[in-house]
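Presented below is the structure to which this report refers.
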Amino acid sequence: MRIPTYLQRRWMRWMEGSWARLEALLNRVLTPAFNPFYHLGTLALFLLMVLAVTGIYLTVFYRPGAARAYETTLGISQTALGLWMRTIHRYAADGLLLVVVLHALKMFLSERFAAARWVAWLTGWLLTLLIWAIGVMGYWLLWDQTAQWITEFLVQVLGPSMALTFLGPDVASKSFAFFVIVLFLHIFLSVLIVLGFLLHILRLSRPRWLAPRWLMVQAGLVLSLLAVMAPAYLEPKADFSRILHRATVDWFYLAFLPLSERWGAAFWWGTAGALAVLLVLPWLLPDRHPGPARIVEHLCTGCGLGALKCPYQAIELVPRGEESAFKFMASIRPNLCVGCGLCLGTCAVISIDLDARPTQDFLQEIRQAVAQAKQQRGPVVMAVTCQRHLALGSLPVPTPTLPASTAHRVTVNGTEASVVLVALPCVGMLNPEWIRPFLQEGEVQGVGVLSCPTQDCGFREGPFWLAQNLKYRRNLLSRPFFWVEAAPGERRSFFRLVRALTGASREAPSAADQVAHVLETREGKRFPRALGTLVASFAAVLLLLGVSRAAIQPVARAAPPAGIRILMAHTGQIKAVGGDLSAELQTKLPPGVTASQVLGGERYPVHLRVEVDGQVVLERMYEPSGFRREGLAYAFENLALKPGVHQIRLSLMDDGRTWRVVFNDQVDVTPGSVLTLIFDDEQGRFVLVPAFGSSP
């Protein structure tokens, strides 16, 4: 029989078990219905709504452009409401990225990324990249010292053209269009997040859009308190006449700035490699499960319940191709089936099987396990559970294959009992008709279900559909039937269930009570514990305050004490004429215009030599741009200098033969400053220009 890979990958189960213990701790404080780790996806959507509301407010008062961006942002921050909105916007952005990554980690640890769920996994990571890019744009739009570091990084990546836009003369007018484009992308890409989210849930039958109401209120209060306790004050304005030795970095979004400076290309190659592995993970670690489900055609009545209850739209109704009393029959889409078995739990005529284990064989195995248990002393009880509880150690028994039924001896309060363990991929697979004969005929003393919390089912809806299937079985629920929800790995929950089944206690809820609880929780009619909510909110504020302090902090840069930057966009002389003009045409040329200028052609590369105090510190050649090398030659150089007065001499060769001096002057370089020399084509020489943001 096919063994699910979920049970085979012990190293992943060890990590998932550690995660589940943290969730179990929060369950004791908040109750499972309001455990934030069970609602990471919907919390991300809530944070997106917070970002949309606060972003609209900020956009109303923000003005783009290097000349106005910082001043308008500063004006927003000088009012209490504006600062509060800006701070919530920042913390909601950090929280969104954190929640999305935690959601992806949870999906990875519980192996909900392969087979039919690869679309959600792939779009989820692409959405994460999109969120990160939007966040970086948001920090750049502030035009403070952090934005200056981002600009310097972009200059290194995009080259001289970017440098001329932000480091040359008349920056305000040249960069305005760039600011507008970034602002537009910051807003427009947020709309793409909504479209990406729709793709993310494309294969889900009943996606949940909102987190529980009280959890959203709690998250809003936590953000508000955090904004009051740690406001996001604005950094000093970007000043490109000063060398940036220290800047505040949000490590959630801007970690690439210090890391790329430290490790260079190795950081980007490592990041690209890690991202590539994540994107192809569904194929690197393929899923294997007991499915897909298959239809026993002659038994199917075409009722449509299986199609209704499938969480992943793997079942559809199709017209029958033969004469029958029923017009339709169920059809399985194997590529969408995850082998959860929820469709088996609702089929009254047992017309659906799992490919690896026919239902009749499985039922026969249950009868054999019950017969084996009855041969032993002590009460005989039946416990139904899922693969997560099996794999994460909730039961003191060996892990069987799935689905399977085995008999075990378990000691409870000094009394031994025979437990018939029914192991299923998901408790939602349990069909009430399977266990009805054993209860009615008294072959087992009681039946118990140990399930994951309603909000944390490995297949999304298992406990909910089990509750729906049991809702109208009043006769079945009136018998010794108990149901315990617990985070996987909580072994005491299993013993609690067995004690209730053997009559040693009644601490486990009856199935009827649990059915009502599950349905109410699903419909959002549960209320959080007041004390637990206050304690959790206070703890969350302190935790996030510590995280924000650690994640948003000043970072020192290994920068020179002072320097000079050299910018050039210049065309060399014509090297090879593209053709010759006839004598007749040459006589018609305007005065001063040559055949070379008319026909164009390849130009000489431009050579630049830089001397500081009589010493050559740079000599480099810059090739002309263009397909035929007929365009501009661009240069962008940063040179470190000691503070003080220096004799700077620049020489240029653009005809392949002759050097000419294009700058020769003394400059006074103050500590921490950087001077900018830009080639002026009209004057044919370099000129010293003030960098944007410098004091007049």
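The values are calculated or read from the model by the stated rules, or taken from the named source; none is laboratory data. The structure displayed is predicted, hence computed values, not measured ones. Note that each Cβ is placed from the backbone with ideal geometry, even for glycine, and that neighbours are counted across all protein chains shown.
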Quiz item: For the stretch 196-229, which residues satisfy the criterion of being among the small types (Gly, Ala, Ser), surrounded by 17 or more Cβ atoms within 10 Å (Cβ to Cβ) and more than 16 Å from Leu47 (Cα to Cα)?
Solution: none
Quiz item: Exactly one of (1) surrounded by 20 or more Cβ atoms within 10 Å (Cβ to Cβ); (2) in the same structural domain as Ala120 (by TED's automatic domain parsing) is unmet by Leu81. Its number?
Solution: (1)
Quiz item: Exactly one of (1) surrounded by 19 or more Cβ atoms within 10 Å (Cβ to Cβ); (2) among the hydrophobic types (A, V, I, L, M, F, W, C); (3) not in a helix (DSSP H, G or I) is unmet by Leu344. Its number?
Solution: (3)
Self-check item: Filter result (under 23 Å from Gly339 (Cβ atoms) and either out of contact with any strand residue (DSSP E or B) (no Cβ under 9 Å at 6 or more places or on another chain) or of a type in the set (Val, Ile, Thr) (or both)) within the stretch 263-297
Solution: Val280, Leu281, Pro282, Trp283, Leu284, Leu285, Pro286, Asp287, Arg288, Ile295, Val296
Quiz item: Is there any pair with a first residue in the stretch 431-459 that is in a loop (DSSP other than H, G, I, E, B) and a second that is of a type in the set (Phe, Trp, Tyr) whose Cβ atoms are under 8 Å apart and which are 6 or more apart or on different chains, and what are they?
Solution: Val444/Phe438; Pro453/Tyr38; Cys457/Phe464
Quiz item: Restricting the stretch 155-172 to residues that are surrounded by 14 or more Cβ atoms within 10 Å (Cβ to Cβ) and small (Gly, Ala, Ser), which is farthest from Glu261 (Cα to Cα)?
Solution: Gly168
Quiz item: Going by the conditions given, is Gly462 at negative phi and either of a type in the set (Asp, Glu) or at pLDDT 90 or above (or both)?
Solution: yes
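Residue-wise test of (1) surrounded by fewer than 24 Cβ atoms within 10 Å (Cβ to Cβ); (2) touching a Leu at 6+ places or on another chain (Cβ under 6 Å); (3) aliphatic (A, V, I, L, M).
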position	(1), (2), (3)
Val412	yes, no, yes
Val427	no, yes, yes
Glu433	yes, no, no
Ser451	no, no, no
Quiz item: Do you know which residues across the stretch 122-137 are without any contact (Cβ under 8 Å) to a residue 60 or more places away in the chain and small (Gly, Ala, Ser)?
Solution: Ala133
Quiz prompt | Residue list for the stretch 25-35, restricted to those being in contact with a helix residue (DSSP H, G or I) (Cβ under 9 Å, 6 or more places away or on another chain) and surrounded by fewer than 20 Cβ atoms within 10 Å (Cβ to Cβ) | solution = Leu26, Arg28, Val29, Thr31
Quiz item: Could you give every pair whose Cβ atoms fall below 6 Å, whose first residue belongs to the stretch 336-365 and is touching a residue at least 60 places away in the same chain (Cβ under 8 Å), and whose second residue is charged (D, E, K, R) and outside any loop (DSSP other than H, G, I, E, B), counting only separations of at least 6 or pairs across chains?
Solution: Leu342/Lys309; Thr346/Lys309; Asp353/Arg294; Asp355/Arg294
Quiz item: Is one or more of the residues making up the stretch 252-260 in the same structural domain as Leu43 (by TED's automatic domain parsing) and part of a helix (DSSP H, G or I)?
Solution: no
Quiz item: Cys337: modelled with pLDDT of 90 or more and surrounded by 22 or more Cβ atoms within 10 Å (Cβ to Cβ), yes or no?
Solution: yes
Exercise. Starting from residues that are basic (Lys, Arg) and under 18 Å from Tyr604 (Cβ atoms), keep the ones in the stretch 633-676 and report whichever is surrounded by the fewest Cβ atoms within 10 Å (Cβ to Cβ).
Key: Arg657
Self-check item: Matching residues in the stretch 379-422 - criterion: being part of a loop (DSSP other than H, G, I, E, B), without any contact (Cβ under 8 Å) to a residue 60 or more places away in the chain and either closer than 19 Å to Phe482 by Cα or among the hydrophobic types (A, V, I, L, M, F, W, C) (or both)
Solution: Val397
Self-check item: Pairs where the first residue, in the stretch 269-285, is farther than 21 Å from Leu259 by Cβ and in a loop (DSSP other than H, G, I, E, B) and the second is modelled with pLDDT under 95 and of a type in the set (Val, Ile, Thr), C-beta under 6 Å, 6+ apart
Solution: none
Self-check item: Selected residue (criterion: surrounded by the most Cβ atoms within 10 Å (Cβ to Cβ)) from residues of the stretch 300-325 that are at positive phi and modelled with pLDDT under 90
Solution: Gly302
Exercise. Mind counting the residues in the stretch 1-24 that are touching a helix residue (DSSP H, G or I) at 6+ places or on another chain (Cβ under 6 Å) and under 14 Å from Asp287 (Cα atoms)?
Key: 2
Quiz item: How many residues, within the stretch 373-409, are more than 42 Å from the chain's Cα centre (by Cα) and buried (at least 16 other Cβ atoms within 10 Å of the Cβ)?
Solution: 7
Self-check item: From the options Cys426, Cys337, Cys347, residue that is in contact with a strand residue (DSSP E or B) (Cβ under 8 Å, 6 or more places away or on another chain) and outside the structural domain of Leu501 (by TED's automatic domain parsing)
Solution: Cys337
Practice problem: Might you let me know whether the stretch 392-414 holds any residue that is touching a strand residue (DSSP E or B) at 6+ places or on another chain (Cβ under 8 Å) and of a type in the set (D, E, K, R)? | Solution: yes
Practice problem: Show the residue pairs that are 6+ apart or on different chains and have beta-carbon atoms under 6 Å apart, the first residue being within the stretch 2-30 and within 10 Å of Leu392 (Cα to Cα), the second being in a helix (DSSP H, G or I). | Solution: Leu7/Ala391; Arg13/Ala391; Met15/Leu109; Glu16/Leu109
Quiz item: Out of curiosity, is Ala467 aliphatic (A, V, I, L, M), assigned to a helix (DSSP H, G or I) and within 39 Å of the chain's Cα centre (by Cα)?
Solution: yes
